[in-house]
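Peer 1: Just dropping this structure here.
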Amino acid sequence: SMDVCPGGAEGPNSLTITSLDGYTGSPTVTFPTLPAGITVSPATIPVPLLPPARIVTFAVRAAPGMTPGPVTVTALVSDPRGISTTATFVANALPPAFNPAVAPSAVTLNGGGASATLTTSIIAGDCVPTSRITVRPSGLPPGVTVTPESAAFDPPAFAPVGFTVQASASAAAGPSTISFTFEPVGGFSKVATA
């Protein structure tokens, strides 16, 4: 089993090939039925003469936007005489990793007064997102508006996005919480509050 980040660096893997029942020869390793979004390089690996046992290495990559989750990859080891066998492993495509943030964490609004700006941002984790992340505010108290209704972070920069918050003259006094939901394509939503 191995983890790969969609759109990220390729992950190394290896296959140990041993001789059974007196087999001698130089087989070839291929990956004939790769799952959608997975590539392996090199695609064809010549194996030096067996025996002794040989270890071949290869790299696995997941395409940007690939749906997170495990997929099974099959390696076919065969030689020109029609002798073949397979080995499988799991490539786990990880969801995009990021932490959402809203700054400042609190603002004071006067009913019917000036607006304030809340800036949303993301901090990329180990598995950097490779597709757009949409952020939407919700949970607005009566009389409070946030514009725009939604905004997007685009890779690779993921530049911060500002939202304008304003309270009408009829807005109720007191503290309230606004939730900002960050929705990546093919991943799990995260929430930050102010």
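Peer 1: Residues in the stretch 10-37 that are more than 15 Å from Pro80 (Cβ to Cβ) and not in a loop (DSSP other than H, G, I, E, B): how many? Talk me through it step by step, then tell me what you get.
Peer 2: Within the stretch 10-37, the first condition is being more than 15 Å from Pro80 (Cβ to Cβ), and the residues that meet it are 10-22, 31-37.
Filter once more, so that each one left must be not in a loop (DSSP other than H, G, I, E, B): 11-17.
The total comes to 7.
Peer 1: Pro52 fails exactly one of the following numbered conditions: (1) open to solvent by 80 Å² or more (accessible area, probe 1.4 Å); (2) in a loop (DSSP other than H, G, I, E, B); (3) modelled with pLDDT of 95 or more. What is the number of that condition?
Peer 2: For Pro52, the failing item is (1).
Peer 1: Kindly indicate whether Val40 is outside any loop (DSSP other than H, G, I, E, B), among the hydrophobic types (A, V, I, L, M, F, W, C), open to solvent by less than 30 Å² (accessible area, probe 1.4 Å) and closer than 30 Å to Val135 by Cβ. Step through it out loud before you land on a result.
Peer 2: Numbers: outside any loop (DSSP other than H, G, I, E, B): yes; among the hydrophobic types (A, V, I, L, M, F, W, C): yes; open to solvent by less than 30 Å² (accessible area, probe 1.4 Å): yes; closer than 30 Å to Val135 by Cβ: no.
No; evaluated as a whole, the condition is false for this residue.
Peer 1: Taking the stretch 147-175, which residues are assigned to a loop (DSSP other than H, G, I, E, B) and farther than 19 Å from Ala101 by Cβ?
Peer 2: Of everything in the stretch 147-175, those that are assigned to a loop (DSSP other than H, G, I, E, B) and farther than 19 Å from Ala101 by Cβ turn out to be Glu149, Ser168, Ala169, Ser170, Ala171, Ala172, Ala173, Gly174, Pro175.
Peer 1: Sticking with this one: Do you know which of the residues in the stretch 34-50 that are under 14 Å from Asp79 (Cβ atoms) and not aliphatic (A, V, I, L, M) is farthest from the chain's Cα centre (by Cα)?
Peer 2: Step one: list which residues in the stretch 34-50 are under 14 Å from Asp79 (Cβ atoms), which gives 44-50.
Checking the rest, the ones that are also not aliphatic (A, V, I, L, M) come to 44, 46, 48.
On the way: Thr44: 27, Pro46: 32, Pro48: 37 Å.
The qualifying residue farthest from the chain's Cα centre (by Cα) is Pro48.
Peer 1: State all residues of the stretch 13-45 that are under 27 Å from Pro95 (Cβ atoms) and of a type in the set (Phe, Trp, Tyr); if no residue qualifies, say none.
Peer 2: Hit for the stretch 13-45 is Phe31, nothing else.
Peer 1: Now a separate question. Working only within the stretch 157-194, note down all residues that are aliphatic (A, V, I, L, M) and either touching a Pro at 6+ places or on another chain (Cβ under 9 Å) or surrounded by 12 or more Cβ atoms within 10 Å (Cβ to Cβ) (or both). Walk me through it before giving the result.
Peer 2: In the first step, residues of the stretch 157-194 are kept if they are aliphatic (A, V, I, L, M); the result is 157, 159, 161, 165, 167, 169, 171-173, 178, 185, 191-192, 194.
If the condition is that a residue be aliphatic (A, V, I, L, M) and either touching a Pro at 6+ places or on another chain (Cβ under 9 Å) or surrounded by 12 or more Cβ atoms within 10 Å (Cβ to Cβ) (or both), then Val161, Val165, Ala167, Ala171, Ala172, Ile178, Val185, Val191, Ala192, Ala194 are the ones that fit.
Peer 1: Can you tell me which residue within the stretch 115-129, out of those that are touching a residue at least 40 places away in the same chain (Cβ under 8 Å) and open to solvent by 50 Å² or more (accessible area, probe 1.4 Å), is farthest from the chain's Cα centre (by Cα)?
Peer 2: Ser115
Peer 1: Would you confirm whether any residue within the stretch 85-98 is of a type outside the set (Ser, Thr, Tyr), over 30 Å from Ala43 (Cβ atoms) and either modelled with pLDDT under 95 or open to solvent by less than 20 Å² (accessible area, probe 1.4 Å) (or both)?
Peer 2: Yes: one or more hits.
Peer 1: I'm trying to understand the selection: among the residues of the stretch 176-193, which are in a loop (DSSP other than H, G, I, E, B) and within 15 Å of Ile122 (Cβ to Cβ)? Step through it out loud before you land on a result.
Peer 2: At the first step, the residues of the stretch 176-193 found to be in a loop (DSSP other than H, G, I, E, B) are 176-178, 185-189.
Correct list: Val185, Gly187, Phe188, Ser189.
Peer 1: Does Gly7 qualify as being out of contact with any strand residue (DSSP E or B) (no Cβ under 8 Å at 6 or more places or on another chain), touching a residue at least 24 places away in the same chain (Cβ under 8 Å) and part of a loop (DSSP other than H, G, I, E, B)? I'd like the intermediate steps shown before the answer.
Peer 2: Working: out of contact with any strand residue (DSSP E or B) (no Cβ under 8 Å at 6 or more places or on another chain): no; touching a residue at least 24 places away in the same chain (Cβ under 8 Å): yes; part of a loop (DSSP other than H, G, I, E, B): yes.
Answer is no for this residue.
The values are calculated or read from the model by the stated rules, or taken from the named source; none is laboratory data. These numbers come from a predicted model, not from an experiment. Note that we place each Cβ from the backbone using ideal geometry, even for glycine, and neighbour counts take in every protein chain shown. With ligands, DNA and RNA removed, areas are computed over all heavy atoms of the protein, side chains included. Shrake-Rupley method; radii C 1.70, N 1.55, O 1.52, S 1.80 Å.
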